[in-house]
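What follows is a set of notes on a single structure, which appears directly below.
No lab work stands behind these numbers, since they all come straight from the coordinates. Computed from a predicted structure; not experimentally measured. Neighbour counts run over all protein chains shown; Cβ positions are idealised from the backbone, glycine included.
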Amino acid sequence: MGKQTWKERIPAFASILGLMVLIAAYYIVGAIRDANVAYGLKAIVNQSVVVALVATGAVFIYTLGSFDISLGAATGVSALLGAMAYNATGNLLVMFLVCVGVAVVLGFINSSLASIFNLPIFVTTVAMMSVLSAFMLILIGWNGAGDTIKVKARDVRPLDNIPFKVAILAAYIALCWFVFTLLPTGREAKFTGGNPVCARLSGINEKKLGIIASLISAVGIGLGAFVTIIYAPTLTKDTASSIGMDVIIAIVFGGMPVSGGPRSRILSAVVGAFSMGFMTQIMSMLNLGSGYGQMIKAAIFLLVVFIALGSQRGKLLTR
Amino acid sequence: MEPVLSVRGMDKTFGATIALRQVDIDVYPGEIRGLIGENGSGKSTLTSIIAGIQKADAGEVTFHGKPWQPASMIDALEHGIGMIVQETGTIPGITVAENLFLGETSRFHNKLGLVSRKAMEQEARKALDVIHADHIRPDIVTAMLDLQERKLVEVAKVMVKKPEILVVDETTTALSQKGRELLYQLMNNLKKEGRAVIFISHDLDEIKQVCDTLTVLRDGKIITHFSKENYDDDAIKASMIGREMQGDYYRADNEPTWQEKVLLKAEHLTGSDLKDISLEIRAGEILGIGGLSECGMHTLGKALFGSAMLTGGTVTVEGKHYSDPQMATRLGVGYVSKERDTESLCQQASIRDNIAIGGLQHIQKKKLILKKRETAYVQKQVDVLSIKCRHMEQPVSAMSGGNKQKVVFGKWLGAGSRILILDCPTRGVDIGVKQSMYQLIAKMKNEGKAILIISEEMTELIGMCDRLLVMKDGAVQKEFLRGNMNEADIIRYMI
Amino acid sequence: MKNLKRILCLALCLMLTLACLPAMAAGSVKIGVLVADATGAEALAFRAYYEKYIAKAYDVEFIYSEELKTADGEKDAIDNFIVNNCKAVISFSSVDRPAQIEQCETAGIYYAVATGTLTDEEYEDFKNYEHYVGAIGPSLNTEFQVGYNMAAYYIDQGMTKFGMFGGAVPYRTDMHIYRAAGMLCAMVDKGGEGAAYQGVNKPDDIIGMIYGTGTIETGKIGNLELLAYVGGYDFDDAWFGKLAQMAGTEGIEAILTVGSGVDVLGSFVAGSSVKLATVDSFTPAMGEAMNSGIIDYVAGKFATSIGPIFIATLNAVNGQPIRNEEGCALALDQGYWVATNAEQFAQYYAVDSSEENPAYSKDILDAYAPAGVSYEDFAAFVAQYSFEEITALKK
């Protein structure tokens, strides 16, 4: 039997090639604009790592053909409760455990509701998003110190460094890659996303899969919340609010179809998150103004999706 | 008589694959022309070019003596050639009327510029009545229709334009006997009106019954033509596959045989279209279920796999009860659905993924899925079943019907299923592949597997089964043993 | 398909190249601007002053952030400024000022606060930071006075029945609390013998009470009466209902708002005899509201008020930061312009929005805040912020 031709392999690598193009463009534009490219790399990591963490976990949910719109709110609540736990105990490990623990509990609630009421995960996350957003306001109100909850910056500063964040990201990606690629969970998730009826008729328990996916995603959310506190220890009701949309963009930018299924790739998230980071820096260096910058980002986004989906546009074959 | 459609020197390639080479064919008014050939012979490619779906690389097509180069399928239909495709041609989320007049809703604009649903549904009603599909409501969402009804909507959509040439591409596989009769009637009406039909089917009996002439394709070339007077099964089959068929088509033996051990037992199954059905399947037995399309046999297949809603009854494998597909697969039950593309395969996934998903427990080593083991596992099924593909990463959507069915078989065989429920296993499959499937089923019987075949093809049931249960209106009417199966008797209990 | 992809790729490359060209010519000083609001009329007015006048007059390039609502957003924006080799940051965003100052200090770029101030505690922490330029904006005392003067204006006209919109008081926003407290204190001071708000009559006590409850209680304050109060920015039906109810309260003569008066109450008071007063900014929309009689009193930020903080920042970038004798950064108060009729508003607005000769023009800034200016001279210059004083300076 033959192997895939290089042309057939291109779609799988298109997003990585895209990232390489963006990195090259970053350096070129940086040189032209006399920008501080070394510092910019650090900024890109800081700006991309939380999205990369949350998006990597979210790949499991999207792979199932589902959708989680409450990612931002869940990250915000986890961060707020983590910060409050730190303020109560002065212990960073407690803060970490609360961030991850709260996220896992929220993920479990989402998936259990979907399982019990036989609803798509998306529907329960819509409800969760509203509930969690309101809960964030309540938490800030309880705190009684204006409209923020703060952790002392000097206490978390030792952890606010690139090696630590990269280490967390690398460890989580390794875990997710392991589960997605080497365990049956990933295969079953991809198959379910591609055809849930066939998956069920092949012996796959999609409810159990939904719960596992939610829990894995929740760990990413908890880690994202923890890194958010470290990076910017003043939290408001808007903390992490844009993450939901950023995750979708990152995943699509990374070459994964939003509908999930067999073409899902665990690395799409991190490739997409960093692609977005590089693109944002390039737009910033060009100082185009936010309107033009957004338009160009949108155009590049459409181009990437167009190329990535190009291979899937049907060609009729003999029958 | 001058042909209404002429094709000269048509070539078409897809990458390295030569789909058509120097094809010449003439279609005459008032003719029903059958096109037959193995999967991959070029039948659908030829007709899809004629119907405007794609363009040829070389060659000439004339329609009524004038060059024929439709810009699209819609353009072709507007100018006189319509096609009913093999795959699903309706959009599930909109109504029947909206599907019928897709892209033409401007016809029904009222004075305010809004679409008048009433007017559209009235016209849809007329179109459905033309094809005698009066049971289909124009205002119903298409997703609520079953496969056959959706196919009839597609037929109505094409017939409303009164095409001069109608192309029917393996449409009858989705239809019950009643649906097929309806279609045959339409085709005959067109013939009487002096129009032409190009009919593609794998069912030799059907094609011989319906068609005036038969053209055989193989490897993208026209091999020969048969006129009705010269129809000969063996000659037709030989020209299709390029050799004499070796061995038996169905099973060689004529006696029912099975082992003592009962593998699967169903007791008092009752549901929406099942009435108190009980049966047993033994190891090494092929049990057939036959009947008309709506008799409940397809639901029975699902029920035996644990995926149908039942109001009563139990299904057990060696005494162990199960009620969902997960438990069924763990107990060694495999299920090949009639709706292959939507229920048995993940179209976007590769051959590898579709086969491996059934046997992940066999591929794992210390809970990990290792690529090498997976490759070997899948390769074994590809080899055993002679699945034609370029490589195992190929998406199944690009495969022929027969090869797709082999992939489905591979999933369950690889999983080591001891009990196989096969619902219309050779639907949409050419005779060469059919023969190999029958041989495989016979082999599985000899290996001691319990096999249930649900089929609407009587010859298949008679040819393969040790026992045959005939169903009607949700209940078993009669049991026949191999050797005593007679078509006339069976039909009597079916209707 | 192949050709289409090629065309798209070429177009993208061309676009990026063209976008680079003007930038290649730029050699100006780059200043990053952090904004919390990118689209409001006030924000646009500030931006217009910097981009259409200051940038041309001083050969500086302003790089604006996106609209910022979170501390990490602020941090990302400052990182972007650093990447772009900005020499300074002027901040209109206040989610986490201390973090902003620390970040700029670490990066070695100057940081200034526009239209705002640090708390006393924060100032103590950062006043000696080498790269902290300082803050020029309304102090909390100024905010208090704005509210006081607003209420006093109407009380002096003989009005006795008021409504109040508290804005962000429920969220414990200092600025709004002090403005509201000022209004209440004016009522206490002018409410006659024994007038008190909820039993207290000292400013600190009133401020403390508002912080504690997060709301303002209606009732009599001496011979004056607060008939209705609405706070918060819920923007739901119930909230709009309360605002409508307040505007329609029988006997109400004036509604005093700590901010956003036109936006939240304009439609409810239009056509009625109820006077509406607000703290806002000098924008075209405010002018229209004045002309149509919807708004009666505006204590407004004027767009060019950010001129002094710019020049202080530029001086710092050029090696001449303005420090007091102890080497501390700027902490200067700057208040509002008050217009009580349409003609006055139009006059103020014309000067403020001029692209040729705005209130704080280059001439004024260079004359009164040259490189090397002393802290005292600069402070005296900034203190003359009223329209009349600036007009006199121009002469």
Checklist outcome for this item: Footprinting proxy, B:Asp423, B:Asp205, C:Asp76: sorted fewest to most Cβ within 10 Å, the residues are B:Asp205, C:Asp76, B:Asp423
Next on the checklist: Tell me whether the protein assembly as shown comes out rounded, prolate or oblate; compute the Cα gyration tensor, take square roots of the eigenvalues as a ≥ b ≥ c, and use a/c under 1.5 as the rounded threshold.
Outcome noted: prolate
Checklist outcome for this item: Projecting the Cα atoms of C:Phe235, C:Gly319, C:Gln245 onto the charge dipole of segment C:210-362, where Lys and Arg contribute +1 and Asp and Glu -1 at Cβ, the residue farthest towards the positive end is C:Gly319
Checklist outcome for this item: Both in Å, the radius of gyration and Dmax of the C-alpha trace of segment B:167-265 are 18.1, 60
Next on the checklist: Straight-line reach from C:Lys161: which aspartates and glutamates fall under 12 Å, measuring Cα to Cα and dropping same-chain residues less than 8 apart?
Outcome noted: C:Glu225, C:Glu250, C:Glu253
Checklist entry - Between their Cα atoms, which of B:Lys208/B:Lys478; C:Lys56/C:Lys395; B:Lys157/B:Lys406 are more than 25 Å away from each other? => result B:Lys208/B:Lys478; B:Lys157/B:Lys406
Checklist entry - How large is the dipole of segment C:141-301 about the Cα centre if only Lys and Arg carry +1 and Asp and Glu carry -1, each at its Cβ, rounded to the nearest 20 debye? => result 140
Checklist entry - Tilt of helix C:203-213 relative to the longest C-alpha principal axis of chain C, in degrees (0 to 90, nearest 10)? => result 80
Next on the checklist: I need the calculated FRET efficiency for the pair B:Ser116 and B:Asp233, taking r as the beta carbon distance and R₀ as 35 Å, to the nearest 0.05.
Outcome noted: 0.10
Next on the checklist: Please enumerate, by chain and number, the lysines with C-alpha under 25 Å from the C-alpha of B:Lys111, excluding those fewer than 8 residues away in the same chain.
Outcome noted: B:Lys126
Item to check | Where GluC sites (Glu not before Pro) fall in DSSP loop in segment B:430-484, at most 14 other Cβ within 10 Å | outcome: B:Glu447
Next on the checklist: Compute, for the protein assembly as shown, the length of the dipole vector about the Cα centre, with Cβ point charges of +1 (Lys, Arg) and -1 (Asp, Glu) only. Units Debye, rounded to 20.
Outcome noted: 5040
Checklist outcome for this item: Partner shielding of A:233-242, as the mean number of partner chain Cβ atoms within 10 Å, equals 5
Checklist outcome for this item: Each residue of A:201-210 has, on average, a number of other protein chain C-beta atoms within 10 Å of its C-beta equal to 6
Item to check | Mean-position separation - Cα centroids, segment C:288-333 and segment B:160-226, in angstrom | outcome: 85
Checklist entry - Reachable aspartates and glutamates from B:Lys367, Cα under 20 Å, same-chain residues fewer than 8 places away excluded? => result A:Glu188, A:Glu206, B:Asp353
Item to check | Packing-based order for C:364-377, B:68-81, C:162-175, using average beta carbon neighbours within 10 Å, highest first | outcome: C:162-175, B:68-81, C:364-377
Item to check | Ranking of B:Lys265, B:Lys371 by count of other Cβ atoms within 10 Å, fewest first | outcome: B:Lys371, B:Lys265
Checklist entry - Once the Cβ-Cβ distance between C:Lys362 and C:Thr119 is put in as r, and R0 is 45 Å, what FRET efficiency do you end up with, to the nearest 0.05? => result 0.85
Item to check | chain A, relative contact order in percent, only Cα pairs under 8 angstrom and at least six apart counted | outcome: 35
Checklist entry - Net charge near C:Asn128, counting Lys/Arg +1 and Asp/Glu -1 over other residues with Cβ under 10 Å of its Cβ? => result -2
Checklist entry - Loop-only check: which trypsin sites (Lys or Arg not before Pro) in segment B:100-196 are DSSP coil with at most 13 other Cβ within 10 angstrom? => result B:Lys111
Checklist outcome for this item: Relative to chain C, whose Cα atoms define the longest principal axis, helix C:2-25 and its Cα axis are tilted in degrees, nearest 10, by 80
Checklist entry - Of A:Lys190/B:Lys411; B:Lys371/B:Lys404; B:Lys55/B:Lys411, which ones are farther than 26 Å apart at the Cα? => result B:Lys55/B:Lys411
Next on the checklist: Ignoring everything except DSSP H segments at least 4 long, calculate the 222 nm mean residue ellipticity for the protein assembly as shown; use -39,500 (n - 2.57) per segment, divide by total residues, nearest 500.
Outcome noted: -15000 deg cm²/dmol
Checklist outcome for this item: With DSSP loop assignment and no more than 11 other C-beta atoms within 10 Å, the chymotrypsin sites (Phe, Trp or Tyr not before Pro) in segment C:229-300 are C:Phe235
Next on the checklist: Please compute the modelled spin-label separation between A:Val123 and A:Ala299, points set 7 Å along Cα→Cβ, answer in nm with one decimal.
Outcome noted: 4.2
Checklist entry - Charges only on Cβ, +1 for Lys and Arg, -1 for Asp and Glu: so what's the dipole of segment C:209-349 about the Cα centre, in debye to the nearest 20? => result 240
Next on the checklist: Going by Cα centres, segment B:290-315 and segment A:228-258 are how many Å apart?
Outcome noted: 48
Checklist entry - What are the semi-axes of the equivalent ellipsoid for segment B:431-495, taken as the square roots of 5 times the Cα gyration tensor eigenvalues, largest first, in whole Å? => result 22, 13, 11
Item to check | Shape category assigned to segment B:360-462 from the gyration tensor of Cα positions, a/c cut at 1.5 | outcome: oblate
Checklist entry - Shape call for segment C:141-301 from the C-alpha gyration tensor, a ≥ b ≥ c root eigenvalues: rounded (a/c under 1.5), prolate (a/b greater than b/c) or oblate? => result rounded
Next on the checklist: For A:Thr89, C:Thr160, B:Thr47, which order do you get if you count the other beta carbons within 10 Å of each Cβ and list the fewest first?
Outcome noted: A:Thr89, C:Thr160, B:Thr47
Checklist outcome for this item: So, over other residues within a Cβ distance under 14 Å of C:Met159, counting Lys, Arg +1 and Asp, Glu -1, the net charge is -1
